[in-house]
Structures are given as C-alpha cells and as structure tokens.
Amino acid sequence: MSRTKLRTFAIAFIALLALVATACSSSEDVEEPRAVEPAPTSAPAPAEEPADEPADEPAEEPADEPAPEPEPTAAPTPIPVPDGSTVGITDDSIKVAILRSDSKSLEEAGILPDTGDIPRNYVVFADQVNARGGAGGRNIEIVFHQYPPGASATDQQAACIAATEDDQVAIVHFVGGVTAETVLCATEGHERIAYMLSGILPQEIYDRSNGLLFSQAMTTERLVGAWPAVAEAQGLLEGRTLGLMRGDIGEHEVAAGVLRAALADAGYELADEVALPCQGTSCSQVDIGLERMQAANVDTVFSLVPPSPFGIAVYLGAQADFRPQWLVSDIENLVYASVAQAVYQRNPDPTVFYGLYGLSYGLDRLSPDDHTIECNAVFTEVTGISYDPEEKEDAWSAVGSTCLFIQNLEAAANWSQETYGTVNQTTLIQGFESLGGYQLGDITGSWNTTKHDAPDAVTLKEYRADCACWVEIDGARMPLDQ
C-alpha cells in the first residue's frame, strides 16, 4: 500500500474512534424520562391469571365421622330405705286381720240393724286390688277374728293376740267399737299397725301407739273440745244448768276433763257430774244418776254413756217427769242411724227422744256419696247383691267403709313401692300419711305426720223421732284446726 493511502486510512480510523467516544459520552449524561401511567378508566383491568393453571376446585368434604357419644347420665341416687319391720309383709303379700263384733245373731233377731256380710265385703274388694296387681305389687291376704257383741277388753284382746301372734299379720283392722286396751294390744304390745273405722279414743292412745294407729274417727280431745262452742253457737247453753253423765271408765274420764276445760273457756261450768259403774256396753245405777241430775236442777245433760243405758236413762227420766235437753256425741256411737233404730225407735216411748242433739264428725251418712255409690256398684257386679241406701242403710254404708280401707291400703303400699322400691312397716306408715284428703259420706279429712285421726270438721245434728233419723242443723258445721 502507498504511503498516501496508508495515511488516509489512519486518519479515517482515528476519526471513527473519536465519533464512537463522543456518542458514548453523550448517552451517559442524558436523564432517562419517567414512564407515564395511563389514566384510570371505569375499573382497573383484572390481572391476568397465569396461563395453563387449573381453576380453583372446592375443598374435599371430610368423610362423615360418628357423632360423639353423649356423656353418660349419672344414675339417680337411690333414696335410703328406712328401717322397718316386715312381719306380715313379703315380696308377694301383705297380711291383714279384721277384728269385729259378731253381731249377726242380734241382727237376725231384729235387735240390731242388718249390716250385711262384712267379711264378704273385704274379700270382694281385696280380690279387686289383687286382680289389678296388688297393693305395692303384693296380694292382700285377709284373716278374720270375731268376739261376742258387747265383749269385754279380755275377749277383744284374745282376738288381738290370735291375729298378731298366731297369724303374724302386718295390720290389725278394727271394725266397730273397740277398747283402748285392745288397740294398745296391737300397737304398743305387738308393734303392728292398727287401723280403726270408728271409735273415739284419747290422744294418749295415739301417743302410746308411737305412730302405729290410724283412724277414720276423731280423738276425744278434738271432738269433745269443740262441743261447747258448737252447742253455744246454736243457743243450747245460754241460761242453762249443765250436768254430765258418763261411765266410770278411763276414756270417759278423759272426755270429762276435756269437756270441763272447754266449758270453762266458754264461761260455763257443770252443776254436777255422775260416773256410773259400766262394764262393756252396760252400766248400772242409772236411776241414781238421774236423781242426782234432778237434785242439782240440771236441765241440759251431756251424756257419754253407751246406747243401751242411755236409752234407759232417757225413758226413766221421762217417767219421773225429768225431761232435760240431752246432748250426745260420737263417743259410744250415739249419733248413728243404727243406734237410733235399735235403741231410740224401739224404746217404749220413742217420743221422749225429741229434742236430742248429737255432736258428730260425720260418721253417719246423711245422703248417698259418690264413693259409696261406686263401691256398691262394684260389689253388686261381683256378688249380685244390691243394698238399698234407705232400706238397708247400714249394709250399704258398710260396703263403702270396707271399700275405703282396702283402697287406702292399696294407695299407701303403692306409694311405698314407688318411692322406695319396697314395702315395710315404716314405709307403709309414710304411705298412709301421704294420702290426700278424702270424703266418705259426711266425713272429710286426711292424715299427716302429726295427725292420725282423719276427720277435719264437726257438726251438730238433731234427732227426729218421727223418722228415727238424724238431721244436720243448717250452719252448724265447724272446721277444726289440723
């Protein structure tokens, strides 16, 4: 290559390097412009999802799992069963003795009114209970013991001993009049439950029985204690000279003490008090008692003597022109239709009983009641025997009374079984105490832990000789404190 061409190439090459250097220097000194963001439109465009990524799928449901087991319920704490005798009580039966006076011969002779077939009554209603499962799931087994009419305490206690020692019963059930000694034979002497349909006894007998005595009658204290107030409310005491005739026996002595105290509280006193020698249902020296009443100018006589000597007293008094106002009570069952028919109506002069007033807790039915009507319907269906409530009032009433006892026993035993799962003497007593109020004829009442005589009211009745019947005086019924 010539020197001229070489110089030309060198100059061109140098110029090219200078141009390149200038361009590089210029690019480093110039600031880069900011990027301009487009103005927002109605909404920003959604971000594009990555390509080929699967769409979200719902999470898998967990497999069904068994529900958690409920917490076990704690078993109820069983109620402790109180200690109690099981004499006469098994898992299958409850044994009951019926003690009563055998008055059938006197009924057949027309001396006493017909009360029907008492033993059959009990069997019919016990069979009814047993057929529907029993009392507390136990069959009611019944045994019977009888004693002569007007029997002494000795005769009655022989029946009690046979029932408690020989038969080993759980309950001794007394029908009709019974002495305090016989009741205590069952309760205090042999520690059995005693159940009375009628009969007035002092509170002391209940206390000595230690909760074992139940009665559809009333204590002496509650009945006699109300006597002055009920009589005074009917104007029978104001301006009167008062006297008392009673038997010389313990129960009458208690009643006399209660009457004296109640009279004193009401502002009255007795002009004289006569205690006649009595044995069973008989009393002597009735004429002497009347003479003393006359000598004291008594014109209103409270009487506690039994029916027969009372009838004699009224008749003999009338014969001697002594016709006081007589006041009697359920003591000795004097306010009772059967007594009226057997004693008053058969008296040589029935008219002498006009003006006779009776204090009663309602033992004698004045009209048919639903309970006795229903029980008689059952009795008739089973036996084919039907009693007219007017012509056969005592037999008709006896069906209702026996039926009530069996029903009360069934209810008490059922309560015991449901509450404790068993039955013994203590739980059976609690069962009787738990029974609510009931009505049998004119009797309303109930038992509780402190009251084992059921009736809750007394009334005053007037005797009418023309019909040999008792009629309740309007407005005379008086509720008693429980």
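Just to be sure before I move on: is V378 surrounded by fewer than 21 Cβ atoms within 10 Å (Cβ to Cβ), over 18 Å from Q216 (Cβ atoms) and under 23 Å from the mean Cα position of the chain (by Cα) in the structure I sent?
yes
Surrounded by fewer than 18 Cβ atoms within 10 Å (Cβ to Cβ) and charged (D, E, K, R) - does that describe any residue in segment 211-224?
no
Every residue, every condition in (1) under 24 Å from V423 (Cβ atoms); (2) modelled with pLDDT under 65; (3) surrounded by fewer than 18 Cβ atoms within 10 Å (Cβ to Cβ); (4) basic (K, R), yes or no:
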site: P58; (1), (2), (3), (4): no, yes, yes, no
site: D64; (1), (2), (3), (4): no, yes, yes, no
site: P82; (1), (2), (3), (4): yes, no, yes, no
site: S105; (1), (2), (3), (4): no, no, yes, no
site: G133; (1), (2), (3), (4): yes, no, yes, no
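Return the residue satisfying two criteria in turn: it lies in segment 309-351 and is more than 31 Å from the chain's Cα centre (by Cα), modelled with pLDDT under 90 and not in a loop (DSSP other than H, G, I, E, B), and of such residues it is nearest to T219 (Cα to Cα).
Checked segment 309-351; the qualifying residue nearest to T219 (Cα to Cα) is A340.
Each row is one residue, and each column tells you yes or no for (1) of a type outside the set (S, T, N, Q); (2) within 16 Å of V399 (Cα to Cα).
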| site | (1), (2) |
| --- | --- |
| G116 | yes, yes |
| V123 | yes, yes |
| N130 | no, no |
| Q146 | no, no |
| D155 | yes, no |
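Can you tell me which residues in segment 204-239 are under 20 Å from L460 (Cα atoms), touching a residue at least 60 places away in the same chain (Cβ under 8 Å) and in a loop (DSSP other than H, G, I, E, B)?
Q216, A217, M218, A226, Q234, L236, L237, listed by residue number.
When you go through Y354, Y315, Y361 one by one, which is the residue that is touching a residue at least 24 places away in the same chain (Cβ under 8 Å), among the aromatic types (F, W, Y), farther than 23 Å from S284 by Cβ and surrounded by fewer than 24 Cβ atoms within 10 Å (Cβ to Cβ)?
Only one candidate passes the filter, namely Y354.
Would you pick out the residues in segment 297-308 that are outside any helix (DSSP H, G or I) and crowded, with 16+ Cβ neighbours inside 10 Å?
Listed by number, the residues that qualify are V298, D299, T300, V301, F302, S303, L304, V305, P306.
Looking at the structure I just gave you, is S397 free of Cβ contacts under 8 Å to residues at least 60 places away in the same chain, buried (at least 23 other Cβ atoms within 10 Å of the Cβ), of a type outside the set (D, E, K, R) and assigned to a helix (DSSP H, G or I)?
Criteria met by S397.
Just name the residue that is modelled with the lowest pLDDT out of those in segment 426-478 that are under 23 Å from E391 (Cα atoms), among the hydrophobic types (A, V, I, L, M, F, W, C) and in a strand (DSSP E or B).
That would be L440.
Could you check, for segment 244-264, whether at least one of its residues is outside any helix (DSSP H, G or I) and without any contact (Cβ under 8 Å) to a residue 40 or more places away in the chain?
yes
Would you mind stating whether C160 is in a helix (DSSP H, G or I) and either within 19 Å of L404 (Cα to Cα) or in contact (Cβ under 8 Å) with a residue 60 or more places away in the chain (or both)?
Judged against the criteria, C160 is a match.
Does segment 175-188 contain any residue that is in a strand (DSSP E or B) and under 19 Å from A126 (Cβ atoms)?
Yes, some residue in segment 175-188 is in a strand (DSSP E or B) and under 19 Å from A126 (Cβ atoms).
The values are calculated or read from the model by the stated rules, or taken from the named source; none is laboratory data. Given the structure is predicted, the values throughout are model-derived calculations rather than measurements. Please note: Cβ atoms are built from the backbone with ideal geometry, for glycine as well, and neighbour counts cover all protein chains shown.
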